[in-house]
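Q: My structure is below; once you've seen it, I'll send some questions.
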Amino acid sequence: MNLDHIYQGQTLILGHRGASAYAPMNTIPAFELAVQQGADGVELDVHLSKDGHLIVLHDFTVDHTTVSTGYAKDMTLAQLKELDPGNKFSTAFAGTRIPTLDEVFEAVGQNFRLINIEIKSVNIENTDGVEQATADCIQRHNLQNSVIISSFNPYALHRFRAIMPEVAIGYLYESDTTHTPAGNVALALMDGISYQARHPHHAIIDAAYMESAHSNGYRINTWTVNDPARALELQRIGVDAIITDKPDLMIETLRGAVG
Ligand code: G3P
Ligand code: MG
């Protein structure tokens, strides 16, 4: 699968949960701000609601981003829509709602070169259906060529790959997986499917890491980079995309002008 049409030889700048330093994470205002700042794309996280709607939310619960409590999977979309993550972030954003992925695609789906959909799933043998719902949503909006699916869960990526072979996949991990037994098991699992990118935490990346990744044919999309000096170093050694809470700062740093 060739992704040159997306990367175009640049280190892409993706807003982490939108432009989340300045607007409530994983909401339409955060994604629209990323567009305004000139980001090449965004990263966002998805879960299924109790009634099977694909919602954009980071945590498994609503505790951190709203004044309510409880697991999103135990709430219907109507119940989730009563919550106000905007007001929790700042009164300036009061009235902002938890969006569905359909709503995000309707608002900004055509504005980015790449949208990174992170599937939040801890399911191993069985699925709640989040992979199928994600594939259906991409299909509805015809965004197969401008999305990449990532997850910390290799089983979720296997399930997604079986449903939608034409969409790019990135494997997410936090530490150098080759140094732990669990990491090696996960990497061996990933050997079982075709995937195009690795999404490591930036702390484990150096020049040797990049050389090895690129010689094995993987794009490297890394997170969460908010420090200009580190961003410049990652760009210098050939990182393919930087996922940041501050797209404006990264654009100024890596491209010399605010977008
Ligand atoms: O996808 C990159 C990053 O978002 C992974 O960690 O916890 O921010 O979803 P988290
Ligand atoms: Mg994420």
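Here, each number is a calculation from the coordinates, and none is a lab measurement. This one's a predicted model, so the numbers in the text were calculated from it and none came from an experiment. Please note: Cβ atoms are built from the backbone with ideal geometry, for glycine as well, and neighbour counts cover all protein chains shown.
Q: Could you estimate the translational diffusion coefficient of region 201-259 from the Stokes-Einstein equation, with Rh from the Kirkwood formula over C-alpha pairs, at 10 °C and 1.306 mPa s, in whole µm²/s? Could you put the intermediate results ahead of the total?
A: Numbers: Rh = 11.6 Å.
Estimated diffusion coefficient is 137 µm²/s.
Q: What is the distance in Å between the Cα centroid of region 181-259 and that of region 1-75?
A: If we compute the Cα centre of each part, the gap is 18 Å.
Q: Over region 5-139, calculate the relative contact order: mean separation of alpha carbon pairs under 8 Å at least 6 apart, over the residue count, as a percent.
A: Values: 247 pairs, mean separation 35.2, N = 135.
Result for region 5-139 is 26 percent.
Q: Could you tell me the ratio Rg/Rh of region 1-84? Both radii from Cα atoms, Rh via Kirkwood. Working shown, then result.
A: Details: Rg = 15.1 Å, Rh = 14.1 Å.
Result for region 1-84 is an Rg/Rh of 1.07.
Q: Just in region 49-134: which GluC sites (Glu not before Pro) are loop by DSSP and have at most 15 other Cβ atoms within 10 Å?
A: E82, E125
Q: Would region 112-259 count as rounded, prolate or oblate if I go by the C-alpha gyration tensor, calling it rounded below 1.5 in a/c and otherwise prolate when a/b exceeds b/c, oblate otherwise?
A: Details: a/c = 2.09, a/b = 1.32, b/c = 1.59.
Note, shape of region 112-259 comes out oblate.
Q: What would the Debye equation give as log₁₀ I(q)/I(0) for the chain at q = 0.09, 0.10, 0.17 Å⁻¹, counting only Cα atoms as equal point scatterers?
A: -0.37, -0.46, -1.39
Q: Could you work out which residue, out of H16, H214, H199, moves most in a Gaussian network model of the chain, that is, has the largest mean-square fluctuation with Cα springs under 10 Å?
A: Of H16, H214, H199, the Gaussian network model singles out H214 as fluctuating most.
Q: Expressed as a rounded percentage, what relative contact order does the chain have, with Cα pairs under 8 Å and six or more residues apart? Can you show the working numbers first?
A: Details: 532 pairs, mean separation 53.3, N = 259.
Result for the chain is 21 percent.
Q: Treat region 152-239 as a sphere of radius equal to its Kirkwood radius over Cα pairs and apply Stokes-Einstein at 25 °C in a medium of 0.890 mPa s; give the translational diffusion coefficient in µm²/s, rounded to a whole number. If you can, show how the numbers build up before the last one.
A: Details: Rh = 13.7 Å.
Calculated translational D: 179 µm²/s.
Q: Give me the dipole magnitude in Debye, nearest 20, for region 1-150 about the Cα centre, with unit charges on the beta carbon: positive for Lys and Arg, negative for Asp and Glu. The partial results should precede the final answer.
A: Numbers: 9 positive and 19 negative charges, 54 e Å.
Dipole size: approximately 260 debye.
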